[in-house]
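Report on one structure; see the data block that follows.
The values are calculated or read from the model by the stated rules, or taken from the named source; none is laboratory data. If you're wondering where the values come from, they're calculated on a predicted model, not measured in any experiment. Every residue, glycine as well, gets a Cβ built from its backbone with ideal geometry; the counts of neighbours run over all protein chains shown. Note: accessible area is taken over every heavy atom of the protein model, side chains too, but ligands, DNA and RNA are not part of it. Shrake-Rupley method; radii C 1.70, N 1.55, O 1.52, S 1.80 Å.
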Protein chains: 4
Amino acid sequence: MESNRIEAFSDGVLAIIITIMVLELKVPHGVDLEALRPIVPVFASYVLSFIYVGIYWNNHHHLFHSTKQVSAAILWANLHLLFWLSLFPFSAAWMGENHLAPTPTAAYGVVLLMAVIAYYFLQCAIIAHQGPNSLLASALGRDWKGKLSPIIYLAAILLAFVSPWISSGLYAFAALVWLIPDRRIERVLEKRDPGEA
Amino acid sequence: MESNRIEAFSDGVLAIIITIMVLELKVPHGVDLEALRPIVPVFASYVLSFIYVGIYWNNHHHLFHSTKQVSAAILWANLHLLFWLSLFPFSAAWMGENHLAPTPTAAYGVVLLMAVIAYYFLQCAIIAHQGPNSLLASALGRDWKGKLSPIIYLAAILLAFVSPWISSGLYAFAALVWLIPDRRIERVLEKRDPGEA
Amino acid sequence: MESNRIEAFSDGVLAIIITIMVLELKVPHGVDLEALRPIVPVFASYVLSFIYVGIYWNNHHHLFHSTKQVSAAILWANLHLLFWLSLFPFSAAWMGENHLAPTPTAAYGVVLLMAVIAYYFLQCAIIAHQGPNSLLASALGRDWKGKLSPIIYLAAILLAFVSPWISSGLYAFAALVWLIPDRRIERVLEKRDPGEA
Amino acid sequence: MESNRIEAFSDGVLAIIITIMVLELKVPHGVDLEALRPIVPVFASYVLSFIYVGIYWNNHHHLFHSTKQVSAAILWANLHLLFWLSLFPFSAAWMGENHLAPTPTAAYGVVLLMAVIAYYFLQCAIIAHQGPNSLLASALGRDWKGKLSPIIYLAAILLAFVSPWISSGLYAFAALVWLIPDRRIERVLEKRDPGEA
């Protein structure tokens with residue numbers, strides 16, 4: 001089975017997730033700037049979630065760039081990742097509409113945590129499919145980002161009941177860490193086939 | 001007519017169906033875990049329907065993998081399948097919001113039944129187009145899964161008026177049967193052209 | 001400019017149009033079959049509109065099958081067509097929710113009429129781009145379907161104020177006429193290049 | 001990294017943006033033409049925004065036509081552009097539902113302004129990636145349209161507090177300027193490789 005259709009389907013789902021989040025930005029009834037104030041936290045959680053979906057799309061892109069063939073395990077690991085990403089609009093809206101209340105803020109972290117775990121499973125499924133000389137395995141190396149993120153999310157989930165502001169700061173910080181694009185895969189691909197990448 | 005555009009369109013529709021189901025998860029007004037309780041059944045029916053759409057996408061992928069050319073009959077059989085799949089969000093929401101009331105649970109089964117029949121028609125249209133030496137026909141073989149599912153759904157529809165819990169258990173069971181990926185098509189393709197698949 | 005990206009974008013828009021129409025099927029509050037009765041007309045107008053979008057996707061597919069290069073005029077004619085098709089969910093819901101009231105039924109016809117005119121403009125733009133030996137022009141021939149549809153829609157719009165049932169019957173009839181796939185283009189393509197189509 | 005997947009993802013997002021705007025056209029409760037009157041301004045802002053998204057898709061198409069490889073900077077510049085375009089449905093609805101009240105009309109201009117700036121950043125990222133002999137840089141030339149638009153939007157934002165009608169006239173005028181397709185890129189491509197374009 002080739003990877004192009006799994007990419008197209010994932011692109012479609014990610015494109016829809018990133019766009020329906022904007023539907024949570026309810027059109028305010030007032031006509032002055034004051035009317036926008038209640039939607040500021042919803043807008044902020046939209047921006048954060050947009051960046052997160054962008055990061056996932058970006059990394060997903062890199063992941064499948066090193067994968068030409070997909071197995072059934074990869075396919076389901078990918079759907080599992082998309083499932084958790086599909087909960088971003090819901091949890092972002094719950095957090096945003098309640099102005100960073102503790103439980104919704106922690107719930108947002110749980111969805112982020114499950115998504116990063118699902119991403120890790122997807123990586124494992126691809127590496128297992130590629131066998132011992134896996135291009136992706138050598139590209140990932142120690143994968144400190146992949147190991148750091150769940151710890152940050154876990155801390156943020158617990159801290160949400162102390163101060164949701166710290167949690168949301170941690171979510172933003174974890175996004176910043178991922179924003180730096182994953183050049184490792186590109187670098188390894190370049191080494192192997194300098195003419196292509 | 002080539003099959004790539006029918007695949008792209010179906011991918012688009014399936015990606016949207018799988019994603020708009022999440023819109024039925026209405027953001028709760030409360031800010032504690034208690035507030036999530038009313039949406040637990042909606043969430044459960046979302047998970048089940050997500051898996052079903054995933055299964056259909058997966059099998060659809062395999063189906064068109066063995067099909068390079070499409071006829072008008074295949075095109076309309078495909079649209080017919082997409083029509084029934086497009087009713088998943090509606091029937092999942094009706095079942096979920098009413099906490100497995102008998103009629104909505106039976107209605108969910110009717111949509112599942114119609115979808116599996118539509119899938120069967122699509123298979124027939126592809127086999128008819130491929131002619132007597134149809135790759136797909138030999139790949140399907142006895143197709144016990146395709147024959148078992150409608151019977152399970154029919155039983156579940158009737159049992160919904162006895163106990164909706166049995167019905168939803170049957171829906172989950174039928175999903176599990178399909179979750180095991182359809183390796184038959186891949187196996188036959190491998191035999192014919194070991195270098196490709 | 002190549003036609004593959006205009007096809008991908010149109011596929012995306014059509015996939016979304018066909019799917020968001022189902023959002024108009026509001027989940028009923030009751031839990032028995034009686035609760036479904038108020039949404040029967042909405043469901044009927046959903047089925048009709050699904051078939052219409054399917055027909056447009058099908059014909060769009062054939063149209064661009066004979067077109068490898070696109071001009072700016074084709075691009076905008078295509079967007080113009082997509083604009084009118086994007087009004088299908090709105091007008092189908094207005095007609096369906098008001099149980100075939102005269103004005104909404106006529107409005108549905110106006111959208112159908114504008115869409116068929118937009119499709120005609122798109123055909124003209126492609127023929128103009130292909131020049132005097134246009135493959136599409138010879139494939140279309142007398143194009144009796146393209147000429148019959150606007151007359152049916154015009155009659156249905158006027159008759160909506162006499163009997164909306166006649167109008168909706170005419171809309172269904174016009175859909176049936178188009179359901180028979182446009183084999184003309186395929187036939188001409190086969191003649192020119194028997195190995196390809 | 002190749003540009004085809006970034007195009008597919010952008011096509012998906014743009015297709016969804018252009019289509020969900022129509023969801024703001026709430027189905028009226030009345031059944032006569034009078035019932036449509038309140039949605040006339042929403043409809044007008046839908047038409048304007050549809051044209052704008054069409055223009056961006058069109059120009060985006062041209063932009064990536066000259067770009068085969070994408071860098072991380074291009075990828076994020078593209079997501080940044082999509083972010084501002086994703087706010088079109090929200091700001092169009094706010095302006096439309098409030099019958100061109102000053103602040104919503106100015107806010108619409110701010111989104112247009114940010115989008116054109118994001119588009120400019122994307123151009124710069126592509127030119128920087130292509131290096132000193134950038135095909136795109138020579139194709140753009142003086143780029144008077146790209147320089148004129150932000151000035152028009154800025155004027156319209158300020159004038160919204162004098163007369164929102166002047167502002168919306170300016171938005172429509174700026175759209176008309178962009179409607180004339182960007183033939184510069186095609187022309188330069190033709191010169192370089194007359195057989196391709």
Just a yes or no: is a residue in segment B:32-41 part of a helix (DSSP H, G or I) and touching a residue at least 12 places away in the same chain (Cβ under 8 Å)?
-> yes
Among the residues of segment A:4-37 satisfying the criterion of being touching a helix residue (DSSP H, G or I) at 6+ places or on another chain (Cβ under 9 Å) and more than 11 Å from chain D (Cβ to nearest Cβ), which is modelled with the highest pLDDT?
-> A:6
Which one of the conditions (1) outside any loop (DSSP other than H, G, I, E, B); (2) open to solvent by 40 Å² or more (accessible area, probe 1.4 Å) does residue C:26 fail to meet, given that it meets all the rest?
-> (1)
For residue B:105: the one exception among (1) buried (at least 22 other Cβ atoms within 10 Å of the Cβ); (2) within 13 Å of chain A (Cβ to nearest Cβ) = (2)
Over segment B:50-100, the set of residues open to solvent by 10 Å² or more (accessible area, probe 1.4 Å) and in contact with a strand residue (DSSP E or B) (Cβ under 9 Å, 6 or more places away or on another chain) is B:65, B:68, B:69
Among (1) open to solvent by 40 Å² or more (accessible area, probe 1.4 Å); (2) in a helix (DSSP H, G or I), where does residue B:162 come up short?
-> (2)
Only one of (1) touching a residue at least 60 places away in the same chain (Cβ under 8 Å); (2) under 19 Å from the mean Cα position of the chain (by Cα) is not met by residue A:67, so which one is it?
-> (2)
Of the listed residues (A:112, A:136), the one being within 13 Å of the chain's Cα centre (by Cα), open to solvent by less than 10 Å² (accessible area, probe 1.4 Å) and not polar (S, T, N, Q) is A:112
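If we scan segment A:2-23, do we find a residue that is open to solvent by 60 Å² or more (accessible area, probe 1.4 Å) and in a helix (DSSP H, G or I)?
Within segment A:2-23, one or more residues are open to solvent by 60 Å² or more (accessible area, probe 1.4 Å) and in a helix (DSSP H, G or I).
Report yes if residue A:112 is modelled with pLDDT of 85 or more, closer than 20 Å to residue B:48 by Cβ and in a helix (DSSP H, G or I), otherwise no.
Values: modelled with pLDDT of 85 or more: yes; closer than 20 Å to residue B:48 by Cβ: no; in a helix (DSSP H, G or I): yes.
The answer is no for residue A:112.
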Across segment A:127-175, what is the total count of residues that are closer than 20 Å to residue A:61 by Cα and touching a residue at least 24 places away in the same chain (Cβ under 8 Å)?
-> 14
Quick one: count up the residues across segment C:43-90 that are more than 10 Å from chain D (Cβ to nearest Cβ) and either closer than 24 Å to residue D:23 by Cα or part of a helix (DSSP H, G or I) (or both).
-> 27
So is residue D:47 over 27 Å from residue A:49 (Cα atoms) and open to solvent by less than 20 Å² (accessible area, probe 1.4 Å) or not?
-> no
